[in-house]
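The values are calculated or read from the model by the stated rules, or taken from the named source; none is laboratory data. Everything numeric in this text was worked out from a predicted model, so none of it was measured. Positions of Cβ are backbone-derived with ideal geometry, glycine not excepted, and every protein chain shown enters the neighbour counts.
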Amino acid sequence: MNLVESCHIYVLCRDIRIAHTSRVTETQVDIKMKTIIHPALFLLAAVATFHVASPGAAAAVSAAVPAAAREFLEAHNQARAAVGVEALRWSEQVANVTSKMVRYQRDKMGCQFANLTAGKYGANQLWARGTAVTPRMAVEEWVKQKQFYNHSDNSCVPNHRCGVYTQVVWRKSLELGCAQATCVKDQASLTICFYNPPGNYVGESPY
Ligand SMILES: *[C@@H]1O[C@H](CO)[C@@H](O)[C@H](O)[C@H]1NC(C)=O
Ligand SMILES: *[C@@H]1O[C@H](CO)[C@@H](O)[C@H](O)[C@H]1NC(C)=O
Ligand SMILES: *[C@@H]1O[C@H](CO)[C@@H](O)[C@H](O)[C@H]1NC(C)=O
């Protein structure tokens, strides 16, 4: 079993775009992340994806959110509640964008990480091989970074990354949309979640 995560360069691109007084350590960490990712960039052919169906009547929106979406949402909202941050809500529109993206990565890119540098949403990704990844597993993998995050000074233990976790619990992110795709060979899969508005602004605390 092989899991690789990515908070996808949001910290780095915010750094460049906004020219905040930069936190160099975070930037370096994100560059290092790329070398970690590279072993994941071979691979594969396509097979399955789950796609988020549209909700029914407005009155029943939460009941109509598909099971996978509910699982993504609940896992995120547990992590947020644990630090007193209010819940995300599911966005069908955002989910549609992630769905298109994972299908593209599946069909054209062998399930490797998407290049989300230019995206307008916050994004977390998980690449896995040799194991089926449920929505809850993906989110729990991201939340493992919590152990490295120090909220009292908004810092991350050296040589570790916290940006995936801080996006999960980012207070100003309100909407969530996620999708997964699986490639046949090596049983590789890609999970992508988008967050709107995006988090991980350099120098800002998540909550
Ligand atoms: C999301 O995609 C579904 C299926 O293609 C479509 O029916 C629905 O209108 C889309 N929803 C939004 C908000 O774009
Ligand atoms: C990702 O896309 C950006 C522009 O959108 C590009 O500058 C960058 O080189 C790309 N990165 C990779 C690894 O392809
Ligand atoms: C977290 O940061 C505070 C303030 O810098 C520091 O006093 C504390 O020891 C840190 N906690 C851990 C677990 O490193």
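Among all residue pairs at least 6 apart or on different chains, which show Cβ distances below 7 Å where the first residue, located in region 81-93, is within 16 Å of ligand 1 (Cβ to nearest atom) and the second is in a loop (DSSP other than H, G, I, E, B)?
Going by the 7 Å Cβ cut-off, the qualifying pairs are 89/174; 90/65; 92/52; 92/54; 92/55.
Of 133, 143, which residue is away from ligand 3 (no atom under 16 Å from the Cβ), of a type in the set (A, V, I, L, M) and modelled with pLDDT of 95 or more?
Just a single option satisfies the conditions, and that option is 143.
Condition (residue is under 24 Å from residue 65 (Cβ atoms), in contact with a Ser or Thr (Cβ under 7 Å, 6 or more places away or on another chain) and surrounded by fewer than 20 Cβ atoms within 10 Å (Cβ to Cβ)) applied to region 123-130: is it met by at least one residue?
Looking through region 123-130, none of the residues is under 24 Å from residue 65 (Cβ atoms), in contact with a Ser or Thr (Cβ under 7 Å, 6 or more places away or on another chain) and surrounded by fewer than 20 Cβ atoms within 10 Å (Cβ to Cβ).
Limited to region 132-160, what total is found for residues that are closer than 18 Å to residue 71 by Cα and in a loop (DSSP other than H, G, I, E, B)?
First pass over region 132-160, keeping only residues closer than 18 Å to residue 71 by Cα: 132-144.
From what is left, the residues that are in a loop (DSSP other than H, G, I, E, B) are 132-134.
Going through region 132-160 one residue at a time, the tally reaches 3.
Go through 120, 100, 144 for me and flag whichever is of a type in the set (Lys, Arg) and within 16 Å of ligand 2 (Cβ to nearest atom).
120
Can you tell me which residue within region 105-117, out of those that are within 12 Å of ligand 2 (Cβ to nearest atom) and in a loop (DSSP other than H, G, I, E, B), is farthest from residue 94 (Cα to Cα)? Show your work before the answer.
First, pick out the residues of region 105-117 that are within 12 Å of ligand 2 (Cβ to nearest atom): 109, 112-117.
Subset that is in a loop (DSSP other than H, G, I, E, B): 112-117.
Values: 112: 20, 113: 18, 114: 16, 115: 17, 116: 14, 117: 17 Å.
The residue in question is 112.
Report yes if residue 134 is under 22 Å from residue 73 (Cβ atoms), among the hydroxyl-bearing types (Ser, Thr, Tyr) and touching a residue at least 40 places away in the same chain (Cβ under 8 Å), otherwise no.
Spelling it out, residue 134 is indeed under 22 Å from residue 73 (Cβ atoms), among the hydroxyl-bearing types (Ser, Thr, Tyr) and touching a residue at least 40 places away in the same chain (Cβ under 8 Å).
Filter region 165-193 down to the residues that are part of a helix (DSSP H, G or I) and at pLDDT 95 or above, then identify the one that is surrounded by the fewest Cβ atoms within 10 Å (Cβ to Cβ).
Checking each candidate, the answer is 165.
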